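*Asks:* Could you have a look at this structure, given as structure tokens, before my questions?
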Amino acid sequence: MLEDGILRWSEGEPLEGAVFKDETVTDLDMSNVRFDSVQFINCHFVSSRFVRTSFYDSILRNCDLSNCDLSNSYWKGTVIQDSKAVGSNFDHGFFRETNFTGGVFNYSNYGGSVWENCAISECDMREAFLSEVKLKKIRLSKEDFTRTSFFQDSP
């Protein structure tokens, strides 16, 4: 169970190699947790916090992170597949070697985030906020950026 895993992590045990399937959690604070090679399959996170949370070599498949706070989160070598994060906050997140496929990320905030060597394929990012985002070696395929804001403030 995910909540038990978070409790073990808060007691000093690493949270790595775990598989969480068909979990639904509400108002769970997972801030500052480091997930190493963790799989989330068919998980639904309601009003949960992932502030400064790190995802290394993890998989999120068919998960719902809508309206969650993932600000200042770190993602490396992670796959986010067929998932959604509608209206979520990824403000100042860092994405490295992370792949997004078949997801829905409408109205999400990625302001000030950094994306390095990532792939985004067949994702719906309509009306997302990508102001002051730094992109380096990004691969895009069949994206929908309709009414997405790429505005950058003047220095």
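*Asks:* Residue by residue through region 60-86, note down the ones that are of a type in the set (A, V, I, L, M, F, W, C) and out of contact with any Phe, Trp or Tyr (no Cβ under 7 Å at 6 or more places or on another chain).
*Replies:* Result: Val79, single match.
*Asks:* State all residues of region 17-36 that are over 13 Å from the mean Cα position of the chain (by Cα), hydrophobic (A, V, I, L, M, F, W, C) and in a strand (DSSP E or B); if no residue qualifies, say none.
*Replies:* Val19, Phe20, Val25
*Asks:* Quick one: Val19 ticks every box in (1) of a type in the set (Val, Ile, Thr); (2) buried (at least 16 other Cβ atoms within 10 Å of the Cβ); (3) farther than 22 Å from Gly111 by Cα bar one, so which box is it?
*Replies:* (2)
Quick note: the coordinates plus some simple rules give every number you see, no bench work behind them. Predicted model only: the values in this text are computed from it and were never measured. No Cβ is skipped: glycine too gets one built from the backbone with ideal geometry, and neighbour counts run over all protein chains shown.
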